[in-house]
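A quick write-up on the structure given underneath.
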Amino acid sequence: MAAETTYTAPSAGRLFFALWVPPACAGTLHAMAGAVVGRSGGRLMREDTLHLTLAFLGDIAERRLPALLEHAAGLSLPRVPVCLDRLGFWAQNHILFAGSSAPDPALGALADSLQESLKEAGFLAETRAFVPHVTMLRKLLHPGKLPALPAQAWEAEEFALVRSWRSDRGAAYETVARWPLQAALPPT
Ligand code: 2AM
């Protein structure tokens, strides 16, 4: 009997849309996470990988990448304020994250409209409730008392399509493409 072969379409990788955390904020978060690791353990995210995910696509076939890039390039999405002012811990996935005590509704609206457009275009099976957060530390079992995070605020001026994969140094991320977010028009 002939051996059965299974054809797997070449994959463009595990993709997601995100806002990169600006370097000054990434430095602060990384230093705080490092202090938590020193006390409580866990696996530190590298400083240059810190990001806020807007929409997670998962594995996308290589042949669909050009259409995805064209779709993203055609979107007109506004700049948004981001403010991270608290550390949080999710016991179910052992993640320490930076989040917002009062996220600006514009940030949620950006993620929702991106997800909705990706769903309509067939790149996302379903939209998911958006919980703005930046993962700082993984595999943390007992966080202890978390330090206070001095507010980190900035305006996001671009969004990026990012590819992730597992490397021997933990998760690695590569920007596939980035696009500007639109500045508000001046009042007339
Ligand atoms: P996390 O940091 O909370 O794990 C790359 O893995 C990025 O996509 C991370 O920001 C990760 O969030 C997010 N991500 C991974 N799987 C996801 C899923 N099923 N739904 C939403 N976001 C996901």
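The values are calculated or read from the model by the stated rules, or taken from the named source; none is laboratory data. Since the model is a prediction, treat every value here as computed from it, not as a measurement. Reconstructed Cβ throughout: ideal geometry from the backbone, glycine too, with neighbour counts over all protein chains shown. Please note that ligands, DNA and RNA were not included when accessible areas were found on the heavy atoms of the full protein model with its side chains. Shrake-Rupley method; radii C 1.70, N 1.55, O 1.52, S 1.80 Å.
Could you tell me which residue of the range 11-35 is nearest to LEU75 (Cα to Cα), considering only residues that are assigned to a strand (DSSP E or B) and of a type in the set (A, V, I, L, M, F, W, C)?
As a first pass, look at the range 11-35 and keep what is assigned to a strand (DSSP E or B): 11-20.
So of that shortlist, the ones also of a type in the set (A, V, I, L, M, F, W, C) come out as 12, 15-20.
Details: ALA12: 21, LEU15: 18, PHE16: 16, PHE17: 13, ALA18: 15, LEU19: 15, TRP20: 18 Å.
Restricting to residues being assigned to a strand (DSSP E or B) and of a type in the set (A, V, I, L, M, F, W, C), the top hit is PHE17.
Screening GLN92 with (1) under 18 Å from LEU19 (Cα atoms); (2) within 12 Å of the ligand (Cβ to nearest atom); (3) of a type outside the set (Ser, Thr, Tyr) gives one miss only, at (1).
Scanning the range 51-79 for residues that are in a helix (DSSP H, G or I) and closer than 20 Å to THR8 by Cα yields a count of 7. Residue count for the range 131-147, restricted to those that are in contact with a Leu (Cβ under 8 Å, 6 or more places away or on another chain), open to solvent by 20 Å² or more (accessible area, probe 1.4 Å) and more than 11 Å from the ligand (Cβ to nearest atom): 3.
Table: residues versus (1) of a type in the set (Ser, Thr, Tyr); (2) over 28 Å from LEU84 (Cβ atoms); (3) modelled with pLDDT under 95; (4) near the ligand (Cβ under 10 Å from one of its atoms).
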residue	(1), (2), (3), (4)
ARG46	no, no, yes, no
LEU52	no, no, no, yes
LEU57	no, no, no, yes
ARG64	no, yes, no, no
ALA67	no, yes, no, no
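So for the range 71-87 (the condition being within 23 Å of GLN152 (Cβ to Cβ), within 14 Å of the ligand (Cβ to nearest atom), open to solvent by 20 Å² or more (accessible area, probe 1.4 Å) and under 16 Å from the mean Cα position of the chain (by Cα)), does at least one residue qualify? No, the range 71-87 has no match at all. In this structure, LEU185 does not qualify as in a loop (DSSP other than H, G, I, E, B), under 20 Å from LEU44 (Cα atoms) and open to solvent by 30 Å² or more (accessible area, probe 1.4 Å). Residue-level analysis places LEU185 among those that are away from the ligand (no atom under 13 Å from the Cβ), over 24 Å from PRO23 (Cα atoms) and more than 18 Å from the chain's Cα centre (by Cα).
In the condition set (1) open to solvent by less than 50 Å² (accessible area, probe 1.4 Å); (2) within 16 Å of the ligand (Cβ to nearest atom), SER40 is compliant with all but (2).
Could you pull out the residue among GLU120, GLU157, GLU174, GLU126 that is in contact with a Leu (Cβ under 6 Å, 6 or more places away or on another chain) and open to solvent by 60 Å² or more (accessible area, probe 1.4 Å)? The unique qualifying residue is GLU157.
Within the range 85-104, residues that are within 21 Å of ALA31 (Cβ to Cβ) sit with their Cβ atoms under 7 Å from residues that are within 11 Å of the ligand (Cβ to nearest atom) and assigned to a loop (DSSP other than H, G, I, E, B), at 6+ positions apart or across chains, in these pairs: PHE97/HIS133; ALA98/HIS133; GLY99/PRO132; GLY99/HIS133; SER100/PRO132.
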